[in-house]
Amino acid sequence: MAPTQTLNNKLTTSTIWSAIDKFGIVIMQFIINMVLARLLTPDDFGIVGMIIIIVAVSNILSDGGFGAALIQRDNPSEIDFSTSLYANIATSIILYITIYLSANFIASYLGIQELGIILRIISVVIVINSIGLVPKVKLRRTLAFKQIAIANIIAYIIAAVSAIILAHKGFGVWSLVVMHITNALFANLFICIAARWIPSLTFSTKSIKELFAYGEYMLVTDIISNICFHIQSTLIGKYFTPYVAGQYAQAKKMEEVAAITLPSAMNQVLFPIYSRNQNNKDELLRLLRFNTKMIAFFIFPIMIILIIVAKPLILILFGYKWIDSVLYFQVLCIGGIWGSLQYFNYYAIAAIGKSKTLFNIGLFKGAFLIASILICVHINMYAVLFAIVLSNIVNYLTNAIIAQRHIGYRVIRQIADVLPMLIYSLLIGCVAYIALHIADIHWVAVVFLYIITYLLVCYIGNKQFAIATKNYIERFLANTHITTKR
């Protein structure tokens, strides 16, 4: 078999398993959320949502940017891997001690004393995650996403069952804390077993400096990204109430499932592929264009139909006590349309080694979002939602401009590539809205008719892309069948 064909087959298989990982977790999260949302209160979800930013940022800090550097580097040595692991673990322990000592101060600042003990316990996941960082990088470098998917799915099942049992017994917010810890513990345990890697007893300051030279900007960029991603619930909980933060967290979680899951699954696989084509701008541009159109084809109609059927969907999934999250969800879906696109440009730029550029634009995007939210919290919650949507649009346009500068993917071309799918989605969405609210057709039937109509219109409006998408999916399915037989 030719090397190119072998790489294509491996890429296809890896993408499938990455999608299985993401969608498997998403499906389980939907089911578990439905159960926990009926056993717990919005305040329980809000309390955890307010402090998860500290754990998320600490996880990034413990990685030190070494993960991205090891993937981007052509031939990292065994010393590089071992050094990164020891640095990750040492950093995570320092971070945990810092959080433990400052937990009460953080709780006082946020105005909820209960957060102190919760933060001290849930932060254990920082140390646990640091152990599995390098083994996961080794699996990703070899495109071994099957092992990663199996580890994550089994770990989540164990964690979910633990959370449901505790929630049923009345442990409230602690069931969510145990879920986070259990998931981290088993996922990293299984990752380490799958990697079959034992670090050497070596540590190199030279290796640290070389990896950090690339990873330092990616590190700060990821920190800014995670702060922006999680600080929303923290500020909403502080300036409003944990109840509002919980309603927002549930809405945000649903929007992320629809807007981020598929792009995230694709980018896990595409980043190593983009990196291999960093010196072939024509191929990188071709990949970027096709993947951007592909994601718009799937995500745009999903976001529009979710806006239309948000109320009956949330009431069936979570119950009436989550009714206040409906409008939050609808507004967030508008931002999700643009949020789904921004990461493809981001990872393509990262793949060509422009980490300093990503750092600079990350500072701008982070400052814009945080400033917007801090202004809007003094108005009302709907102003905060407007700020978040506006930030998503700014993020997309910023990444698009950088992609134009460094890859040659012109902004006007990017918009032209996705505009037909947006127009189709909106026009058919108007008909669906009329069918649901005026003709009083059941919302499930409206969703079904929307999907069928959208696919037909896309096929008629752009046969070439529709056929290319069909062929791409067929290759996925064919390769899955071959892999299964093997």
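The values are calculated or read from the model by the stated rules, or taken from the named source; none is laboratory data. For clarity, every value in this text was computed on a predicted model and none was experimentally measured. Note that we place each Cβ from the backbone using ideal geometry, even for glycine, and neighbour counts take in every protein chain shown.
Summary table below
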| read-out | value |
| --- | --- |
| Residue count for the range 229-262, restricted to those that are more than 20 Å from the chain's Cα centre (by Cα) and part of a helix (DSSP H, G or I) | 8 |
| Glu114, sole failed condition from (1) over 24 Å from the mean Cα position of the chain (by Cα); (2) crowded, with 21+ Cβ neighbours inside 10 Å; (3) charged (D, E, K, R) | (2) |
| Exclusive hit being closer than 18 Å to Ala259 by Cβ and either at pLDDT below 90 or in a loop (DSSP other than H, G, I, E, B) (or both), set Leu327, Leu341 | Leu341 |
| Some residue of the range 375-390 being within 17 Å of the chain's Cα centre (by Cα), in a helix (DSSP H, G or I), outside the structural domain of Asp43 (by TED's automatic domain parsing) and crowded, with 22+ Cβ neighbours inside 10 Å | yes |
| Of all residues making up the range 263-302, the number that are more than 24 Å from Asp21 (Cβ to Cβ) and not in a helix (DSSP H, G or I) | 3 |
| Out of Asp74, Asp80, sole residue that is touching a residue at least 60 places away in the same chain (Cβ under 8 Å) and under 30 Å from Gln278 (Cβ atoms) | Asp80 |
| Candidates Ser102, Ser123, Ser108, Ser62, filtered to the one that is over 24 Å from Val161 (Cβ atoms) and in contact (Cβ under 8 Å) with a residue 24 or more places away in the chain | Ser62 |
| Conditions (1) of a type in the set (D, E, K, R); (2) surrounded by 20 or more Cβ atoms within 10 Å (Cβ to Cβ); (3) over 14 Å from Phe45 (Cα atoms): number failed by Glu256 | (2) |
| Flag for Ile393 being at pLDDT 90 or above, farther than 17 Å from Leu288 by Cα, within 21 Å of the chain's Cα centre (by Cα) and not polar (S, T, N, Q) | yes |
| Set Phe186, Phe271: member being surrounded by 17 or more Cβ atoms within 10 Å (Cβ to Cβ) and more than 19 Å from the chain's Cα centre (by Cα) | Phe186 |
| Meets criteria (of a type in the set (Val, Ile, Thr), under 30 Å from Ala351 (Cβ atoms) and either under 19 Å from the mean Cα position of the chain (by Cα) or at pLDDT below 95 (or both)) for Ile122 | no |
| Residue within the range 397-413 that is touching a residue at least 40 places away in the same chain (Cβ under 8 Å), out of contact with any strand residue (DSSP E or B) (no Cβ under 6 Å at 6 or more places or on another chain), more than 30 Å from Asn277 (Cβ to Cβ) and crowded, with 17+ Cβ neighbours inside 10 Å present | no |
| Selected residue [touching a helix residue (DSSP H, G or I) at 6+ places or on another chain (Cβ under 8 Å), surrounded by fewer than 19 Cβ atoms within 10 Å (Cβ to Cβ) and not hydrophobic (A, V, I, L, M, F, W, C)] from Tyr100, Tyr86 | Tyr100 |
| Odd one out for Leu358, checked against (1) at pLDDT 80 or above; (2) farther than 21 Å from Gln247 by Cβ; (3) surrounded by 17 or more Cβ atoms within 10 Å (Cβ to Cβ) | (1) |
